[in-house]
Amino acid sequence: MGKANILVVEDDADIQQLVSYNLIKSGFNVTCADSGGDALDILEKEEVDLILLDLMLPGKNGMEICAIIRAKQDYVQPPIIMLTAKSEEDDIVTGLKCGADDYVTKPFSPRVLIARVQALLRRRQENTLQEKRPDKETIHIHSLLIHPGRHEVLVEGKHIHLTATEFTILEQLAGRPGWVYSRQQIIDKIRGYDYLITSRAVDVQIFGLRKKLGVMGSYIETVRGIGYRLKEQNAE
C-alpha cells in the first residue's frame, strides 16, 4: 500500500509549511492549495485520501468548500478535517454540519494533528478491507439496506450518500435495532476513546443523518437523557 496523499488547503504560508513538514515527516505525500478553488481543481485531477481544510480562506471559505465537496458524486469522498482558529462550539458544530469529519483548532499540536489524520485514515482503510470480504453481512431493516463492505446505504432502493462519520453512526444503530446508545458510546465508536468532542456535535451528526435518510430518518429515536436508538417497529 502506497503513501496516503493529504491535501492541505491553507492560505497562511507559515501554517501550510508547518503542517506539510510534519505530514511528510510522518510518511505522507502532501499536496498544497492556497484557496478553495485551487483545492477543487486538484480534487478533479488527483486522488486524495484526506483533506485538511482551513476555515478562513480567500474567496469561498472552508465551510462553503466543504459543502461543495460533499455535494459532488463523481469521485470517492475523502475524510475532511477542518482547521480553524475559532474554538467556539457553534463554529465547530457548523463545520461538522457542512460535512467535516473532524476539526482541529489553532494553535494546535502537530502531534495531535497527525494523530487525528492517522485515525481517520485507519477508518478509511478498514472500510477498504471490508470491501474485500464478500461474506460481510448486509443490514436490512424496514426500507433501509446497509452494505458495510461496500460502504453503501440504500433507502427504498435509492442510494444515499453519507460521510464516513454518518455511515459509522448509522451502522452502529442499525446493527442492534432497539438498542440505546449513549452519546459517549457513539463518540467512542466514531472517534476512538478519550476524544474531546461535545454531545451537541453528536446531535448535529444525527440531525444530518436523519435529513439524508428522508422517510427512514424518523426511525432514529432520541432517548431523552441517554442517547439514540433505531426503532425496531414501524415509525408512526
Checklist entry - By per-residue mean of other Cβ atoms within 10 Å, what is the highest-first order of 103-116, 205-218? => result 205-218, 103-116
Checklist entry - Given the Cα-Cα distance of Thr105 and Asn5 and 0.36 nm per residue of separation, how much length would full extension add, in nm? => result 33.8 nm
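Over all directions, average the projected area of the Cα convex hull of the stretch 134-230 and note it in nm².
Numbers: hull surface 24.5 nm².
Orientation-averaged projected area of the Cα hull: 6.1 nm².
Fully extended, how many nm does the chain gain between Val76 and Glu137 (0.36 nm per residue separation, minus their Cα-Cα distance)? List each step's numbers first, then the result.
On the way: separation 61, 0.36 × 61 = 21.96 nm, distance 2.26 nm.
Contour length minus Cα-Cα distance gives 19.7 nm.
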Item to check | Alpha-carbon centroid distance for the pair the stretch 200-218 / the stretch 61-125, whole angstrom | outcome: 18 Å
Checklist outcome for this item: For Cys98, Cys32, Cys66, ascending order of other Cβ atoms within 10 Å (fewest first) is Cys32, Cys98, Cys66
Item to check | Convex hull volume per residue for the chain, taking Cα atoms only, in Å³ | outcome: 127 Å³
Next on the checklist: Using 0.36 nm times the number of residues separating His159 and Ala85, minus their current alpha carbon distance, what extension gain do you get?
Outcome noted: 23.1 nm
Checklist entry - Using alpha carbons only, how many degrees (0 to 90, rounded to 10) separate the axis of helix 199-213 from the longest principal axis of the chain? => result 70 degrees
Item to check | Listed peptides 11-18, 34-41, 49-56 by packing density, highest first (mean Cβ within 10 Å) | outcome: 49-56, 34-41, 11-18
Next on the checklist: So in the chain, which Cys have no other cysteine's beta-carbon sitting under 4.7 angstrom from theirs?
Outcome noted: Cys32
Item to check | Ratio Rg/Rh [Cα only; Rh per Kirkwood] for the stretch 5-130 | outcome: 0.92
Item to check | Cα-based helix-to-principal-axis angle, 62-71 vs the chain, degrees rounded to 10 | outcome: 50 degrees
Item to check | 0 to 90° range, to nearest 10: angle between helix 36-45 axis and the chain longest Cα axis | outcome: 70 degrees
Item to check | FRET efficiency, Ser182 to Ala13 (Cβ-Cβ, R0 41 Å, nearest 0.05) | outcome: 0.40
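Taken together, the values in this text are just the output of simple stated rules run on the coordinates, not laboratory data. What you see is a predicted model; the values in this text were computed from it and never measured. Ideal geometry is used to build each Cβ from the backbone, glycine not excepted, and the neighbour counts take in all protein chains shown.
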